[in-house]
1. For segment 74-99, how many residues meet the condition of being in contact with a Cys (Cβ under 9 Å, 6 or more places away or on another chain) and either under 20 Å from residue 31 (Cβ atoms) or in a loop (DSSP other than H, G, I, E, B) (or both)?
2. Mind checking whether some residue in segment 10-25 is in contact with a Gly (Cβ under 8 Å, 6 or more places away or on another chain), exposed (fewer than 12 other Cβ atoms within 10 Å of the Cβ) and more than 14 Å from residue 112 (Cα to Cα)?
3. Are any residues in segment 50-82 within 20 Å of residue 108 (Cβ to Cβ), more than 12 Å from the chain's Cα centre (by Cα), free of Cβ contacts under 8 Å to residues at least 40 places away in the same chain and open to solvent by 40 Å² or more (accessible area, probe 1.4 Å), and if so, which ones?
4. Could you say which residue among 100, 106, 124 is at pLDDT below 95, over 23 Å from residue 144 (Cβ atoms) and buried (at least 19 other Cβ atoms within 10 Å of the Cβ)?
5. Examine segment 52-59 for a residue that is at pLDDT 95 or above and polar (S, T, N, Q), and state whether such a residue exists.
6. Just to be sure, is residue 36 more than 22 Å from residue 137 (Cα to Cα), of a type outside the set (Val, Ile, Thr) and without any contact (Cβ under 8 Å) to a residue 60 or more places away in the chain?
7. So in segment 129-141, with the set limited to residues that are open to solvent by 50 Å² or more (accessible area, probe 1.4 Å) and within 15 Å of the chain's Cα centre (by Cα), which one is nearest to residue 92 (Cα to Cα)?
8. Does segment 30-43 include one or more residues that are open to solvent by 80 Å² or more (accessible area, probe 1.4 Å), modelled with pLDDT of 90 or more and part of a helix (DSSP H, G or I)?
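The values are calculated or read from the model by the stated rules, or taken from the named source; none is laboratory data. None of these values were measured; they are calculated from a predicted model. For neighbour counting, all protein chains shown are included, and Cβ atoms are generated from backbone atoms with ideal geometry for every residue, glycine included. Quick note on the areas: whole protein, heavy atoms, side chains included, nothing else; ligands and nucleic acids left out. Shrake-Rupley method; radii C 1.70, N 1.55, O 1.52, S 1.80 Å.
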Amino acid sequence: CGFPTTVNERANRLQFSASPRKYTLATLLELPRMTPLHYQITLDDKSLETTAAAIVVANTPYFGGGMRICPEADPIDGLLDVCVIGDLDRLDLLRSLQQVRTGRHVDHPKVAMYRAGVVGIEGVGTMRADGEPLGDLSVVLRAEPEALLVAGATTAAPGHG
């Protein structure tokens, strides 16, 4: 939720092909309108309030065409990784986008990383999942170990079978 959602929505409204440049253009068009928002986040049984430009919940490291938003995410560990990109100004957010490509954004002082089995997010706005509308906030997301079986994939964590 937050800035990546508005960028994705803008990119979907653009009238030209689905090239990566479409998202770059959408980012540049949405950047002047970006305003960090207030959120209440629940991570299992812990709660925190924050002002953030974006909150990304993932169970794999990548989103948005190869950006390492949650570099330590593991799809079989039974946990969701949460990246909270805090109250960044527009210029700092633009500069940090290159760091997201490599996963180095996790060292930014206004970025916080969390892990939880259940993640709740309350606030104003919408949430998208893999580029598709998920719905309006509030939302509760839950890791379901072994809920998706993929042909040829292992279901055991490394060192566990």
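1. Within segment 74-99, residues that are in contact with a Cys (Cβ under 9 Å, 6 or more places away or on another chain) and either under 20 Å from residue 31 (Cβ atoms) or in a loop (DSSP other than H, G, I, E, B) (or both) number 1.
2. yes
3. 51 - this is the single residue of segment 50-82 that is within 20 Å of residue 108 (Cβ to Cβ), more than 12 Å from the chain's Cα centre (by Cα), free of Cβ contacts under 8 Å to residues at least 40 places away in the same chain and open to solvent by 40 Å² or more (accessible area, probe 1.4 Å).
4. 100
5. no
6. So residue 36 does not fit the description; no.
7. We begin by selecting, within segment 129-141, every residue open to solvent by 50 Å² or more (accessible area, probe 1.4 Å); these are 130, 132-134, 136, 138, 140.
Next cut, within 15 Å of the chain's Cα centre (by Cα) only: 130, 132-134, 140.
Details: 130: 25, 132: 27, 133: 27, 134: 28, 140: 29 Å.
Among those that are open to solvent by 50 Å² or more (accessible area, probe 1.4 Å) and within 15 Å of the chain's Cα centre (by Cα), it is 130.
8. yes
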